[in-house]
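The values are calculated or read from the model by the stated rules, or taken from the named source; none is laboratory data. Owing to the predicted nature of the structure, the values given are computational and were not obtained by experimental measurement. With ideal geometry, Cβ positions are generated from the backbone for all residues, glycine too; neighbour counts draw on all protein chains shown.
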Amino acid sequence: MPTVSTSQHDALEPRAYRDVLGLLATGISVIVTEQHGQIHAMTANAVSSLSLDPMLILFCPGKRSKMAACLEDMEHFSINFLRHEQQALSSYFAGGWQGSCAPPFRFVPWLGAPRLEGSLASLSCERHDRVDAGDHWIVIGRVIALHRGIEPAVPLIFFRGNYRELASTAGSPAPELDPVDELPQIFYDRWHA
């Protein structure tokens, strides 16, 4: 078994945890629901596909977020993937917008919940389940409709605490490793892209 030097480990502290998680690049989405004629929206990067059969997706709002107050009565919601040029909308729906007026946006009627016009893609969902998970909720939605925006499909990316764009050129290769004497047993499922 290979050994790992202690210099490669960070202390288990909240800031170190956030810094390590920041190394996982994520897309940015806006979650939208409508209740009693009022539209509620929030920025989220804790969004993940969960199942293909049935088609399930999840997002994770903080328990102290304004969206958390809507969860009890939420029946439908949309998840709208942002384009690289929609960074202002990410900041606005996250509550961090510093401008004197809101950036331009429009919600359009759609099956179940409004859709954010101009986004990279959108999913309409009906709530399937809600799971208590520490200081967040895991909200699971069953996908009932899909919408793809216009090309080019260039997503807004969040990495190391900053917005990024996908590079059009390849990066540096990973460092070469010494061969391993004994290979671990590997269990895998075929990846379906």
Can you tell me which residues in the stretch 48-76 are surrounded by fewer than 19 Cβ atoms within 10 Å (Cβ to Cβ), in a strand (DSSP E or B) and not small (Gly, Ala, Ser)?
Leu50, Leu52, Met55, Leu56
Going by what's in this entry, would Met74 be described as closer than 19 Å to Thr26 by Cβ and aliphatic (A, V, I, L, M)?
no
Somewhere in the stretch 77-86, is a residue more than 26 Å from Phe159 (Cβ to Cβ), touching a residue at least 40 places away in the same chain (Cβ under 8 Å), in contact with a strand residue (DSSP E or B) (Cβ under 9 Å, 6 or more places away or on another chain) and not in a loop (DSSP other than H, G, I, E, B)?
no
Failed item in (1) over 16 Å from Pro61 (Cα atoms); (2) hydrophobic (A, V, I, L, M, F, W, C); (3) surrounded by 16 or more Cβ atoms within 10 Å (Cβ to Cβ), with Trp137 passing the rest:
(1)
Residues in the stretch 1-25 that are at pLDDT 85 or above and more than 21 Å from Lys63 (Cα to Cα): how many?
6
Answer yes or no: is there a residue in the stretch 166-186 that is at pLDDT 75 or above and within 21 Å of the chain's Cα centre (by Cα).
yes
Quick check, is Val108 over 19 Å from Trp137 (Cα atoms) and of a type outside the set (Asp, Glu)?
yes
Count - residues of the stretch 24-47 that are over 14 Å from the mean Cα position of the chain (by Cα) and either over 30 Å from Glu165 (Cβ atoms) or not in a strand (DSSP E or B) (or both):
5
Quick one: which of Gly96, Gly112, Gly22 is on the phi > 0 side of the Ramachandran plot and of a type outside the set (S, T, N, Q)?
Gly112
Surrounded by 14 or more Cβ atoms within 10 Å (Cβ to Cβ) and modelled with pLDDT of 95 or more: does that describe Ala121?
yes
Quick check on the stretch 77-110: of everything there that is of a type in the set (S, T, N, Q) and surrounded by 15 or more Cβ atoms within 10 Å (Cβ to Cβ), which residue is nearest to the chain's Cα centre (by Cα)?
Asn80
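How many residues are basic (Lys, Arg), part of a strand (DSSP E or B) and closer than 17 Å to Ala41 by Cα when one looks only at the stretch 94-143? It would help to see each step written out before you state the result.
We begin by selecting, within the stretch 94-143, every residue basic (Lys, Arg); these are 106, 115, 127, 130, 142.
Filter once more, keeping what is part of a strand (DSSP E or B): 115, 127, 130, 142.
Now drop any that are not closer than 17 Å to Ala41 by Cα, which leaves 115, 127.
Result for the stretch 94-143: 2.
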